[in-house]
Amino acid sequence: MSLPDKYEEENAHLIRYAAEKSKNVKSPLSIAKLCKQFKEEIGSDKTMECLRQRIQRLRMKIHESDEFDMDTKDQFVESLDESNGKCYLACQY
């Protein structure tokens with residue numbers, strides 16, 4: 001597997017993981033805690049900082065994904081940053 005393919009596969013795994021963890025949350029998720037859980041559960045060799053940056057980039061691009069419905073996208077954005085939430089997604093459409 002080439003490096004770009006591996007990077008894309010890891011990003012896809014990370015975004016699916018984060019989207020699943022963001023379902024039905026009652027308060028914002030700590031990105032640091034999410035990264036730690038991902039490293040422990042999945043066995044990622046990436047640093048916490050690398051994972052944090054990836055999640056932040058993915059949060060900004062999730063509206064482009066066809067993999068998730070609007071509710072999942074909304075939950076993902078809101079759970080990671082309560083202040084932006086629906087306004088961010090609404091501005092994308």
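The values are calculated or read from the model by the stated rules, or taken from the named source; none is laboratory data. Please read all numbers here as calculations on a predicted model, not as lab measurements. Note that we place each Cβ from the backbone using ideal geometry, even for glycine, and neighbour counts take in every protein chain shown. Surface areas here come from the heavy atoms of the whole protein model, side chains and all, with no ligands, DNA or RNA. Shrake-Rupley method; radii C 1.70, N 1.55, O 1.52, S 1.80 Å.
One table, with the values for the structure above:
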item: Any pair with Cβ under 6 angstrom, 6 or more apart, that starts in region 58-73 at a residue that is on the phi > 0 side of the Ramachandran plot and ends at one that is open to solvent by 90 Å² or more (accessible area, probe 1.4 Å) and part of a loop (DSSP other than H, G, I, E, B); result: none
item: Residue list for region 28-52, filter: of a type in the set (Lys, Arg) and either open to solvent by less than 30 Å² (accessible area, probe 1.4 Å) or without any contact (Cβ under 8 Å) to a residue 12 or more places away in the chain (or both); result: Lys33
item: Looking only at region 53-70, and only at residues there that are touching a Leu at 6+ places or on another chain (Cβ under 9 Å) and open to solvent by 60 Å² or more (accessible area, probe 1.4 Å), the one that is nearest to Asn11 (Cα to Cα); result: Gln56
item: Tally, over region 41-70, of residues that are assigned to a helix (DSSP H, G or I) and over 19 Å from Tyr7 (Cα atoms); result: 2
